[in-house]
Amino acid sequence: MKVYAARDKNTGKLVSDLTARHKKFWQSKKTCQNAIENYNNTSVKYGNYDLELVVYELVEIDNN
């Protein structure tokens, strides 16, 4: 399973609050891309981010 996130190229940190409060991850690549595009096309920005799409692959860890 993969999850998608937006990362600031300048700081290397994940960016939250692009679409909803405290949201950092999306299950759909297209939804994450849309969030980044909407941020880039907005005239009033709340941060000065240079965003890129990041893909994470989830691996379940057995605690036994």
Sparse-neighbour loop sites [GluC sites (Glu not before Pro); the chain; at most 14 other C-beta within 10 Å; DSSP] = Glu60
Pair Lys9, Lys45: separation of 7 Å Cα→Cβ label points (nm) = 1.1 nm
Taking every alpha carbon pair in the chain and sorting the distances into 10 angstrom bins from 0 up to the bin holding the longest one, the percent per bin comes out as 21, 52, 19, 7, 1, 0
Identify the chymotrypsin sites (Phe, Trp or Tyr not before Pro) of the range 26-64 meeting these criteria: DSSP loop state and at most 16 other C-beta atoms within 10 Å of the C-beta.
-> Tyr46
Highest GNM mean-square fluctuation among Val15, Val54, Val44, for the chain with Cα springs under 10 Å, belongs to Val44
Amide proton proximity set for Thr19, modelled H, under 5 Å, gap of 5+ | none
Tabulate in residue order the Karplus-calculated ³J(HN,Hα) for the range 10-26, using 6.51 cos²θ - 1.76 cosθ + 1.60 with θ = phi - 60°, rounded to whole Hz; enter x for Gly and Pro.
-> 6, 9, x, 9, 6, 10, 10, 6, 6, 10, 8, 4, 6, 8, 10, 10, 10
Relative contact order (%) - criterion: Cα under 8 Å, at least six apart; region: the chain | 47 percent
So the angle from the long Cα axis of helix 29-41 to the longest Cα principal axis of the chain, reported in degrees to the nearest 10, equals 20 degrees
Per residue, what accessible area does the chain have, given a 1.4 Å probe and all protein chains present, in Å²?
-> 78 Å²
Would you list which aspartates and glutamates come within 12 Å of Lys13, measuring only between C-alpha atoms, while excluding same-chain residues fewer than 8 positions from it?
-> Asp50, Glu52
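The values are calculated or read from the model by the stated rules, or taken from the named source; none is laboratory data. None of the values given here were measured: they were computed from a predicted structure. In this analysis, Cβ positions are derived from the backbone assuming ideal geometry, glycine residues included, and neighbour counts consider all displayed protein chains. Surface accessibility is based on the protein's heavy atoms, side chains included, excluding ligands, DNA and RNA. Shrake-Rupley method; radii C 1.70, N 1.55, O 1.52, S 1.80 Å.
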